[in-house]
Amino acid sequence: MNVRSSVHSDMKLAFWLVFVVMAAVYATMLLWTLPAISAEAGGLAPFDMRPLGYSFDEARAFLAALSAEGRELYLHVQLWLDILYPVLLAATLVLAIILLTTPGWLRWLLIVPALLGMVFDYLENLAIGRMLEAGPNSLTEALVTEASRWTMLKSGFTTISMVAVMILLGVWVVARRRA
């Protein structure tokens, strides 16, 4: 086995390990914390699940509806899981891009949205934490505008990166079938 083949094999193994951990964290959030938070807010969607953002009135309504237990779950479980998720998702996307492209400017161009999505996700989490701490009565429009902006940027750049990976995967499948 040559060095290039060994590195590629190691990258595939790293991809699958990171993917499995990322999927486990995402499943935990999707199947437990986010539905529980929504239930504790009278069925309203948590901030993380509003890819198009939210208004001041929507944020205040969510915070007013959120029970003390829901607030604690959001602050002390969901946001902690969401410390792991952005880096795991970005690593999964970056490794997929590396495995599906050849070295060059296109690879780097495709990696940038995954990294930006991660950065915006962390900024979103910080702003959500501040909104949860503020509560409905101390919430400011500036804070909601900031948090909503990070949510939309996270969603947009993550979507761009996921679509890029799906297109690359489609190209790879077509190339494999032709070979």
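The values are calculated or read from the model by the stated rules, or taken from the named source; none is laboratory data. In this text the structure is predicted, and so the values were computed from the model without any measurement. Areas reflect the complete protein model, heavy atoms only, side chains present, ligands, DNA and RNA absent. Shrake-Rupley method; radii C 1.70, N 1.55, O 1.52, S 1.80 Å.
Observations on the structure shown:
- As a fraction of the 1.4 Å probe accessible area of the chain, surface on carbon and sulfur atoms comes out at 70 percent.
- Computed [θ] at 222 nm, helices only, for the chain once each DSSP H run of length n ≥ 4 contributes -39500 (n - 2.57): -27500 deg cm²/dmol
- The chain: angle of helix 141-178 to the longest principal axis, Cα-based, in degrees nearest 10: 20 degrees
- Computed over the stretch 1-81: relative contact order in percent, which uses C-alpha pairs under 8 Å that are six or more apart: 33 percent
- Taking the C-alpha atoms only, the angle from helix 3-28 to the longest principal axis of the chain is near 20 degrees.
- The long axis of helix 105-138 is offset from the longest Cα principal axis of the chain by roughly 10 degrees.
- Only Cα pairs under 8 Å and 6+ residues apart enter the sum, and on that basis the relative contact order of the chain stands at 28 percent.
- Taking all Cα pairs closer than 8 Å and separated by 6 or more residues, the relative contact order of the stretch 73-151 comes to 33 percent.
- Reported label for calculated Cα Rg over 2.2 N^0.38 Å given (i) 1.04; (ii) 0.93; (iii) 1.19: (iii)
- Accessible surface area normalised per residue over the stretch 98-179 is 59 Å², counting heavy atoms of protein chains with a 1.4 Å rolling probe.
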